[in-house]
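The values are calculated or read from the model by the stated rules, or taken from the named source; none is laboratory data. Just so we're clear, the structure is a prediction, and the values are computed from it rather than from any experiment. Ideal geometry is used to build each Cβ from the backbone, glycine not excepted, and the neighbour counts take in all protein chains shown. The area values use the complete protein model at the heavy-atom level, side chains included, leaving out ligands, DNA and RNA. Shrake-Rupley method; radii C 1.70, N 1.55, O 1.52, S 1.80 Å.
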Amino acid sequence: MSDGWVQTTLGAATRIKQGRYLSKEDMAVAQSDVAPIPVHGANGIIGWTNKVLYPHGVPLVTCRGSNCGMVLWAVGPLWVSNNAMAILPSGDLDLRFIYYSLLNSPPLEFVSGSAQPQITMGDLSKKAFLVPPLAEQRAIAATLGALDDKIELNRKLNATLEAMARALFRDWFVDFGPTRAKMEGRAPYLSPDLWSLFPDRLDAEGKPEGWEVFRLGDIADQHTRAVSPSENPGELFEHFSLPAFDKGQNPALDRGATIKSNKTLIPSGAILLSKLNPEIARVWLPEAPTGHTQIASTEFLAYTGKNGVGRGLLFCLFSDDDFRTMLHAMVTGTSKSHQRISPPDLLRREAIVGNAEMFRCFEDAVSPLLDRALANRSESRTLAHTRDLLLPRLMSGEIRVRDAERLVEEAG
């Protein structure tokens with residue numbers, strides 16, 4: 001153990017605060033000007049409110065449910081539900097150092113109960129951890145925090161890039177913005193070569209003159225080739241699953257021996273669309289393979305574009321609100337947790353109005369945005385790997401901050 005490091009417990013060194021119940025009347029399902037504050041619970045952000053419990057970021061430990069014992073850093077201002085506990089410093093402790101210490105060693109040993117897993121405040125207070133002097137705490141937190149801050153910045157940039165692509169799709173192919181602007185005599189807002197491609201009137205059906213209605217099957221192929229990874233037990237597969245999507249769209253690298261069921265082989269340039277519970281928008285743009293076979297859970301449908309359609313257009317189509325509404329209307333199954341859409345039925349559905357030339361132009365316009373998003377995601381994965389490598393070594397005192405900073409520079 002490094003000089004000046006001491007072992008203590010959460011009960012001795014921190015104040016553990018149970019979150020507070022928030023009524024349905026005080027919580028909204030979507031962020032808005034009226035409800036701008038995130039509500040954190042057992043599954044991350046579970047809603048939004050106008051009330052503030054903590055004005056600053058805090059480390060959280062989830063204390064009920066299947067994710068019991070998970071450690072989160074919640075950015076303030078925020079509200080914490082009664083399914084999570086905030087850990088606040090008492091004395092010379094850095095707030096973010098507490099988070100990284102718990103992230104390095106989550107309190108899973110205190111989870112009890114099988115039907116409803118939980119951690120009590122009393123048990124959590126027994127959690128032991130090592131504490132260096134305050135200056136070193138802050139240096140450790142700053143080093144690891146710089147990596148996480150860059151990951152968060154990339155996430156926000158990607159949200160913006162994807163929103164820009166979706167907005168362009170909606171303007172061209174849903175609202176027919178350029179055509180309507182021409183009809184109203186408004187000034188062009190696209191480059192002259194693009195502007196000239198849009199019709200200057202709507203036909204009797206309300207679509208741009210000369211454009212066609214395309215079914216999904218007209219513009220995309222669904223790929224259903226199945227593989228059995230267990231037949232190659234030693235091979236590493238890049239595994240695209242629903243849990244991996246929900247945890248930041250990071251596919252897992254799994255040995256074939258650990259994958260018991262058949263999976264869908266992902267072809268080059270594919271887009272993945274979840275057929276399960278379509279009220280949750282799960283549209284995945286895979287990165288290029290890195291030497292491993294890419295496979296997907298059979299809950300994902302794999303598509304590639306055809307007839308001038310690229311994956312950028314499919315990504316925006318599958319993410320568009322009108323398409324999502326159509327998926328909601330297609331679900332079968334009585335169980336709320338297992339509602340699915342029919343893939344053959346989906347291929348027969350009318351999906352988009354346009355023409356092949358406009359599809360190609362759209363792909364040219366959005367590909368740079370989505371390529372940038374993919375590059376950001378790849379960078380974030382490298383940053384996360386570096387953080388996970390440094391975390392246990394810094395928290396044990398095995399390496400000092402100056403050594404960690406050198407490793408971060410080499411990784412960058």
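The table below lists the values:
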| item | result |
| --- | --- |
| Residue match in region 100-111 (condition: farther than 19 Å from M395 by Cα and of a type in the set (S, T, Y)) | no |
| Selection from region 1-42 of residues that are under 25 Å from K126 (Cβ atoms) and part of a loop (DSSP other than H, G, I, E, B) | M1, S2, G4, W5, G19, R20, A42 |
| Wholly enclosed helices (runs of 4 or more DSSP H) of region 341-412 bearing at least 1 residues open to solvent by 20 Å² or more (accessible area, probe 1.4 Å) and in contact with a strand residue (DSSP E or B) (Cβ under 7 Å, 6 or more places away or on another chain) | 343-348 |
| Any chance A329 is out of contact with any Cys (no Cβ under 8 Å at 6 or more places or on another chain), at pLDDT below 95 and part of a helix (DSSP H, G or I) | yes |
| Filtered residues of region 90-137 (kept if more than 25 Å from the chain's Cα centre (by Cα) and small (G, A, S)) | S90, G91, S112, G113, S114, A115, G122, S125, A128, A135 |
| In region 45-101, residue nearest to T143 (Cα to Cα) [restricted to those that are in contact with a Ser or Thr (Cβ under 8 Å, 6 or more places away or on another chain) and not hydrophobic (A, V, I, L, M, F, W, C)] | P89 |
| Test: residue in region 92-108 that is farther than 27 Å from D364 by Cα, open to solvent by 40 Å² or more (accessible area, probe 1.4 Å), assigned to a helix (DSSP H, G or I) and acidic (D, E) | no |
| Output for region 236-254, where each listed residue is of a type outside the set (K, R), open to solvent by 60 Å² or more (accessible area, probe 1.4 Å) and either closer than 17 Å to I280 by Cβ or at pLDDT 95 or above (or both) | P243, D246 |
| Where F318 falls short, out of the listed (1) assigned to a helix (DSSP H, G or I); (2) at pLDDT below 95 | (2) |
| Test: residue in region 78-85 that is open to solvent by 20 Å² or more (accessible area, probe 1.4 Å) and among the small types (G, A, S) | no |
| Strands (runs of 3 or more DSSP E) fully within region 125-235 counting 1 or more residues that are buried (at least 19 other Cβ atoms within 10 Å of the Cβ) and touching a Leu at 6+ places or on another chain (Cβ under 9 Å) | 128-131, 220-223 |
| Selection within region 356-412 - among the aliphatic types (A, V, I, L, M), closer than 16 Å to N104 by Cβ and in contact (Cβ under 8 Å) with a residue 24 or more places away in the chain | A384, L390, L391, L394, M395, V401, A404 |
| Residue check, T304 open to solvent by less than 30 Å² (accessible area, probe 1.4 Å), touching a Lys or Arg at 6+ places or on another chain (Cβ under 9 Å) and either assigned to a loop (DSSP other than H, G, I, E, B) or closer than 23 Å to H239 by Cβ (or both) | yes |
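Residues checked against (1) within 19 Å of K247 (Cβ to Cβ); (2) out of contact with any strand residue (DSSP E or B) (no Cβ under 6 Å at 6 or more places or on another chain):
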site: G69; (1), (2): yes, yes
site: G76; (1), (2): no, no
site: P106; (1), (2): yes, no
site: T120; (1), (2): no, yes
site: F129; (1), (2): no, yes
site: E136; (1), (2): no, yes
site: A141; (1), (2): no, yes
site: L153; (1), (2): yes, yes
site: K156; (1), (2): yes, yes
